[in-house]
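This report concerns only the one structure given below.
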Amino acid sequence: METLEQIKVRAKAAVPGAKIDIVSNPGPANQPSLLIDNEHASAVARFLRDDPALRLDFCSNATGVDWLDRTVKKTVKVKKVVDGVEKDVDQTTEEKIPGYLEAVYHLYSMTHKHGPVIIRMRTADRAEGVRLRSLTPIWRSAEFQEREIFDLYGVRFDGHPDLRRILMWDEFEDYPMRKDYREPDDYEFEPTPHDDVLAKAKQHYSPRPQLDGAENITPRNEAETLNG
């Protein structure tokens with residue numbers, strides 16, 4: 001298969017005006033990806049799927065990533081005069097990067113048996129109602145996974161055929177996979193509250209002896225009570 005740089009060059013030639021950058025991955029997987037601008041995402045995705053040499057006809061998975069505001073330190077070599085002698089010295093600078101959300105797709109070719117090629121789209125910020133272009137019309141397998149990203153991260157996908165929550169209930173507020181999410185003490189709308197949720201909820205309501213006392217009955221002392 002072509003290198004990511006070759007794919008980038010051909011994709012930009014096929015979709016005039018598209019902005020495509022290579023994002024490195026310093027982790028163990030060492031899988032760089034293509035960052036595609038939202039405006040041209042559909043056209044670039046269609047090229048990747050339909051190009052005869054690529055035929056990336058299968059999206060195996062799509063996932064969301066939350067990037068909080070962060071400061072990145074960079075060290076560069078600069079020339080400085082030290083004791084009358086010009087030397088190369090390290091200078092550290094800080095760059096503040098505003099937070100954003102990403103949707104990341106892993107693409108394979110069932111036709112040519114190659115891949116993955118990883119592409120990603122990025123929102124402008126982490127505000128409520130941020131939007132990206134849906135790639136479900138290109139790869140049908142992205143439908144449920146884009147719904148999951150919407151449900152857990154709050155990214156709305158323009159052009160998605162059925163964008164609604166898939167894991168959380170309809171009345172649930174906020175997005176539990178965001179890094180600044182804080183779990184509430186009381187799930188007012190949770191359909192099936194569990195023991196730890198009930199324990200937190202008790203802090204918000206007055207005691208109910210006739211119910212709270214019954215919760216302490218175990219199978220053993222219940223049998224003793226019935227037997228007198």
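None of the figures in this text is laboratory data; all of them are computed from the coordinates on show. As the structure is a prediction and not an experimental result, all values here were calculated from the model. Ideal geometry is used to build each Cβ from the backbone, glycine not excepted, and the neighbour counts take in all protein chains shown.
A few remarks follow.
- Within the range 20-38, the residues that satisfy the criterion of being of a type in the set (S, T, N, Q), in contact (Cβ under 8 Å) with a residue 24 or more places away in the chain and either closer than 14 Å to His106 by Cβ or part of a strand (DSSP E or B) (or both) are Gln31, Ser33.
- Some residue of the range 34-51 being of a type in the set (Gly, Ala, Ser), closer than 27 Å to Ser141 by Cα and in contact with a His (Cβ under 9 Å, 6 or more places away or on another chain): no
- Taken together, the residues in the range 60-88 that are surrounded by fewer than 12 Cβ atoms within 10 Å (Cβ to Cβ) and of a type in the set (A, V, I, L, M, F, W, C) amount to 6.
- Residue list for the range 122-177, restricted to those being in contact (Cβ under 8 Å) with a residue 24 or more places away in the chain, among the small types (Gly, Ala, Ser) and closer than 27 Å to Arg70 by Cβ: Ala124, Gly129, Gly154
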